[in-house]
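One structure below.
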Amino acid sequence: MMKKIIAYIRKEKADIVIEKLEEAGVKGMTLLDANALAEWADKDAFSFSIEYVQKYSKVVKIELVCNDENSDKLVDVIATNAKTGRSGDGWIFVSPVDKAVRIKTGAVNDFDSL
């Protein structure tokens, strides 16, 4: 069984979290710059947009897929290295992966190649 981990973290913590995930054995992940508009956002980092009349914080979204037995360890790596103790540190979501198809070969659930 595989797990998908999605984490929304402070932009300034991204480099250390990515480095620690790689040290923990993660071979690949997707990184996206994003804007968080939420109650948990860091009020000290708000930007105000006249065009959209909204407040938001800049965050990094990390997505990765791992073996079920590694998911708790990787969640701990993210949580430990992303934490500042202030509002807006982010969220981590973990969900099962039911199926994976490698586009190049058409292999289904060939998780060894992740």
Q: Considering only the range 84-114, state which residues are touching a residue at least 60 places away in the same chain (Cβ under 8 Å), in contact with a helix residue (DSSP H, G or I) (Cβ under 8 Å, 6 or more places away or on another chain) and within 18 Å of Ile9 (Cβ to Cβ).
A: Thr84, Gly88, Asp89, Gly90, Ile92, Val94
**Q.** Tally of residues being under 13 Å from the mean Cα position of the chain (by Cα) and either at pLDDT 95 or above or under 15 Å from Ile5 (Cα atoms) (or both) across the range 31-68
**A.** 9
Q | Where a residue in the range 71-83 is part of a helix (DSSP H, G or I) and its partner, wherever it lies, is of a type in the set (Asp, Glu), with Cβ under 7 Å and at least six apart | A | Ala82/Asp89
**Q.** Residues of the range 84-114 classified as surrounded by 11 or more Cβ atoms within 10 Å (Cβ to Cβ) and in a helix (DSSP H, G or I), total
**A.** 1
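Quick one: is Ser71 of a type in the set (Gly, Ala, Ser) and either at pLDDT 90 or above or surrounded by 16 or more Cβ atoms within 10 Å (Cβ to Cβ) (or both)?
Criteria met by Ser71.
The values are calculated or read from the model by the stated rules, or taken from the named source; none is laboratory data. It should be emphasised that the depicted structure is a prediction, and the values quoted were computed from it without experimental measurement. All Cβ positions, glycine included, derive from the backbone under ideal geometry; neighbour counts span all protein chains shown.
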